[in-house]
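Each remark here refers to the structure printed beneath this line.
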Amino acid sequence: MALKIVFLILLFSFRFRLSLSGNGQTNSMESVPDLQKSMYMVVDGYPCVRLVNLSGEIGCSNPGRDKVVAPIIKYKNNKELGLPSAILLSMDDVQGFFSRISNDSSFASNVAGVLVESRVEIQHKLKGFSPARKFPQAEFAPYHNTTYEWNPIGSGIMWKSYNFPVFLLSESSTSTLQEIAMKNEKTEKAYTTNVAEFDVVMQTTKVGTHDSESCLKEETCLPLGGYSVWSAVPPINNSSSNQSKPIILTVASMDAASFFRDKSLGADSPISGLISLLAAVDALSHVDGLDNLNKQLVFLVFTGEAWGYLGSRRFLLELDQQSDAVRGLNSSLIQLVMEIGSTGKGFSQGNKTFFAHTQVSSDTNEALDALKLAQESLKSEGVTVSNASSSNPGIPPSSLMAFLRKNSSTSGIVLEDFDTVFANKFYHSHLDDSANINSSAIVAAASLVARTLYVLASDKKDSTSSALSSINANASLVEELISCLLDCDPGLSCELVSSYITSVDTCPSYYVGVALGEPSSTPSPNQVDDISRFVWNFLADRTSTLKGNTTVCSKDCSNNGGVCIRAETDGKGICVNSTTRYVPAYSTRLKLDSGTWKVLPPNSSDPMGMLDPVWTESNWNTIGLRVYTVQEAAYDRLVLLGGISVTVLAYLAIVLTRAYITKALKQD
């Protein structure tokens, strides 16, 4: 009976305290979720995750099977860590911090997690930040000088493995965490502290599968991959046996990499090149007589290039196998590969300046002449094209490397906004966003490419011709593409993208993702990411020949050489005559067998396959970050001891009181 009375008093006291909490305002707790919401603050952020290849791991993960909880402190370069801590890190200190992690094991052992701050327009305050290597993917270069530094500012930190979680905070979360860290610092000797709880438990860590072959076997990871897209101008007639036109292949990439998985924008490298390609296709779509061109124009957008050139190597393998994905193309007919690399920084003192990196051959010389002719026709626009320095070891990191490793006699040009080193100071960084590019440079590159392709395909050598001067990139379209593809507002919910697809996300991200389901040339929409589906629809629309004579899609659309565009928006779609196809992009050393991915043995006839790291991404259940307040263990023990003492004293008081009252009643 006495214990029941004590329990009721404590319960009443607890409820009374809750009702008065929150700065004097009533804060009624009516359910467990209400209580959790008042105790825990979920933090917005972008995680670094675990990636696995044949030789090991990179990226970040909790060190074991459990969540990591640690007090939040602000990083100070000269301060040692006495206890495991969650480090709040400014962008200015990121490179120095991770260098210290590599060189100071005692310091690293007390890093429980890392929270990286975000700041508006931080690019203007930094000299640069690139977590990539100084020569990205040097192992695939078609030349021997792999110590050359194309990316001199590169630190290589994203290619190392960290056994602690790392999050990039959103701008709103940054200010909140800064206040919490400051509060912890001021109340360092208080009995309460604010902690961060990291839930970044990777399945490969839990199971102990630390290479891609073992994790694929145990199904604790999935291979990196997605879908590339190609389209032909004019459409290719597959029923015709006479397909002997030389092919001019124009390529760009649509995937980027970053230390933080879902914050991979790659505005300059490579999305400015993608936008230039899309705008060039649009410019050519307004030209009459494309059916009469002497050469076949093919536009190809790769994904997976940041991870061992997955897209270009798989495309070349599909060409060798003459699969349905490349039906109508013949590798022996490819006369020239023209790659549009980074174009967003090709603007200097009012001029738009680009550099042609080449693999010398007669066809390449013809292409350079066409570039010069296109430049002459754009002289009034302040566009200049220069040959890259002869002191360069060869072409810069690009998809053309895959073509050259496959066939060293391939003729090719890479159009870039730099000569000897990257102009982009934020290569493969989350800071390579729309603030890092110039739209007028992208417009100029698109016009230059469109006119060059017209000269090459038509064999018209007059820079003053009215046909050539009429080919101009649409500056409004470029601005719209930048807004749609590189910003969250409006992002992928913009009118242009929404007219073609129903996007899953609003904020774009160009991380390649993982291969889902059986690779196919006709995948279902849920197997293909938003960007690939948009590019496919856009190219199919702009390269189609049934302008103004479109029909609602039916089963006969594909049978008659057509494709169905805009099907996601109204459920019906429009049937157009276009040769536009998806090409699976995943490692050439992988095969899906009975629902399980298997690593194929290396093939000596495929030199790039021998180098293939076979990148995979670890599975996980959930990823989360939250902050809450905890009491010191000593204080908890003191409270517990006090509670027990109060309970014992209360019990004794009740027993003694009851004995006294009983005795008094007996005397009466």
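The values are calculated or read from the model by the stated rules, or taken from the named source; none is laboratory data. All values derive from a computational prediction rather than experimental measurement. Here the Cβ positions follow ideal geometry from the backbone for every residue, glycine too, while neighbour counts run over all protein chains shown. SASA here: full protein model, heavy atoms, side chains in, ligands and nucleic acids out. Shrake-Rupley method; radii C 1.70, N 1.55, O 1.52, S 1.80 Å.
Restricting attention to region 280-306 and to residues that are in contact with a helix residue (DSSP H, G or I) (Cβ under 9 Å, 6 or more places away or on another chain) and part of a strand (DSSP E or B), the residue that is farthest from Ile531 (Cα to Cα) turns out to be Gln296. When we screen Gly156, Gly128, Gly208 for residues that are of a type outside the set (D, E, K, R) and more than 30 Å from Ser269 (Cα to Cα), the only hit is Gly208. Got at least one residue in region 129-141 being part of a loop (DSSP other than H, G, I, E, B), within 19 Å of Leu625 (Cα to Cα) and not aliphatic (A, V, I, L, M)? Within region 129-141, none of the residues are part of a loop (DSSP other than H, G, I, E, B), within 19 Å of Leu625 (Cα to Cα) and not aliphatic (A, V, I, L, M). All of Thr358, Thr410, Thr364, Thr384 fail the test of being farther than 30 Å from Ser118 by Cβ, touching a residue at least 60 places away in the same chain (Cβ under 8 Å) and not aliphatic (A, V, I, L, M), apart from Thr410. Of the residues in region 136-147, none is open to solvent by 50 Å² or more (accessible area, probe 1.4 Å), closer than 18 Å to Leu88 by Cα and either at pLDDT below 95 or of a type outside the set (D, E, K, R) (or both).
The number of residues in region 478-501 that are in contact (Cβ under 8 Å) with a residue 60 or more places away in the chain and surrounded by 15 or more Cβ atoms within 10 Å (Cβ to Cβ) comes to 8. Taking Val337 as the residue in question, decide whether it is more than 24 Å from Asp530 (Cβ to Cβ), in the same structural domain as Arg542 (by the TED database) and modelled with pLDDT of 95 or more. So Val337 passes the test. For the residues Tyr651, Tyr628, the requirement of being among the aromatic types (Phe, Trp, Tyr), open to solvent by less than 50 Å² (accessible area, probe 1.4 Å) and in contact with a helix residue (DSSP H, G or I) (Cβ under 9 Å, 6 or more places away or on another chain) singles out Tyr628.
Per-residue answers, yes or no, for (1) within 16 Å of Val514 (Cβ to Cβ); (2) open to solvent by less than 20 Å² (accessible area, probe 1.4 Å); (3) not β-branched (Val, Ile, Thr):
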| residue | (1), (2), (3) |
| --- | --- |
| Ser554 | no, no, yes |
| Asp570 | no, no, yes |
| Ala585 | yes, yes, yes |
| Gly595 | yes, no, yes |
| Leu600 | no, no, yes |
| Asn603 | no, no, yes |
| Gly609 | no, yes, yes |
| Thr616 | yes, yes, no |
| Asn619 | yes, no, yes |
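Residues that are open to solvent by less than 70 Å² (accessible area, probe 1.4 Å) and either at pLDDT 95 or above or of a type in the set (A, V, I, L, M) (or both) within region 63-76 comprise Val68, Ala70, Ile72, Ile73, listed in sequence order.
Residues that are open to solvent by 30 Å² or more (accessible area, probe 1.4 Å), within 30 Å of Asp268 (Cβ to Cβ) and more than 24 Å from the chain's Cα centre (by Cα) are absent from region 109-116 altogether. Residues that are under 28 Å from Ile471 (Cα atoms) and charged (D, E, K, R) were ranked within region 257-290; the one that is most open to solvent (accessible area, probe 1.4 Å) is Asp288. Checking each residue in region 246-256 for being within 8 Å of the chain's Cα centre (by Cα) and either among the acidic types (Asp, Glu) or surrounded by fewer than 24 Cβ atoms within 10 Å (Cβ to Cβ) (or both) picks out only Asp255.
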